[in-house]
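Everything on this sheet refers to the single structure shown next.
The values are calculated or read from the model by the stated rules, or taken from the named source; none is laboratory data. Small disclaimer: the values here were computed from a predicted structure and weren't measured. Don't worry about glycine lacking a Cβ; one is built from the backbone with ideal geometry, like all the others, and counts go over all protein chains shown. To get the accessible areas, we keep the full protein, side chains included, count just its heavy atoms, and leave off ligands, DNA and RNA. Shrake-Rupley method; radii C 1.70, N 1.55, O 1.52, S 1.80 Å.
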Amino acid sequence: MSSINPKQSIMQTLEAMPEDMRLLIVSKVGQNSPVDYFNTVLTCRSLSFRPDNPSVAKDLNLSPFVKKPLLSNQYESLMDACLKADNIDAHFVKGMIQFFQSQNQVLGLHHIHIASKSGHLQGRYIFGVLLMAIGETDKGIKIINDLTEEKGISLVED
């Protein structure tokens with residue numbers, strides 16, 4: 001009597017799926033949890049769920065980098081792939097790095113503005129604050145007020 005390894009069985013099932021379906025599943029995993037995404041990549045290397053695939057990179061959740069942008073300096077190729085795919089977390093992180101670390105305020109504001117326009121909450125808030133800081137007070141106040149009206153004061157205060 002032969003025993004079937006459960007991992008082999010799952011891999012055979014995944015390999016039988018159309019590639020676009022596998023990519024959709026992995027992009028949804030990456031959208032919800034960066035930890036689960038990286039675990040998927042590590043356990044299913046043969047299925048090519050790499051972040052250089054635009055379907056994966058576009059929606060990849062980069063929340064650890066949003067919280068601590070300097071961590072992204074250790075993951076340049078990941079960040080480049082996500083920026084190329086127009087990932088809004090990547091734009092926010094790139095903007096923060098450029099504005100504060102690299103002292104490139106123009107490029108930093110550009111990336112934070114992209115994140116802000118795409119609905120990134122931290123991006124909208126930071127963009128408003130930075131506009132006020134560079135003298136565009138009315139525009140910055142409007143962004144913060146709009147965010148407060150849409151999401152509530154408690155979210156903005158957090």
Query raised in the report: Relative contact order of segment 43-158: what whole-number percent is it, with Cα pairs under 8 angstrom and at least 6 residues apart?
Result: 15
Query raised in the report: In the neighborhood of ASN73, defined by Cβ-to-Cβ distances under 13 Å, what is the net charge if each Lys or Arg adds +1 and each Asp or Glu adds -1?
Result: 0
Query raised in the report: Near LYS68, which aspartates and glutamates are there with a Cα under 13 Å away, not counting those fewer than 8 places off in the same chain?
Result: ASP89
Query raised in the report: Rounded, prolate or oblate: which one fits segment 56-118, using the alpha carbon gyration tensor with axes a ≥ b ≥ c (rounded when a/c is under 1.5, else prolate when a/b beats b/c, else oblate)?
Result: oblate
Query raised in the report: So how exposed is TYR125, as accessible area in Å² (1.4 Å probe, rounded to 10)?
Result: 90
Report summary line: Computed from the beta carbon distance with a Förster radius of 25 Å, FRET efficiency for ASP146 and GLN101 to the nearest 0.05 stands at 0.30
Query - 19 Å Cα-Cα reach of LYS117 towards lysines, excluding residues that sit fewer than 8 places from it in its own chain - result: LYS58, LYS84, LYS94, LYS139, LYS142, LYS151
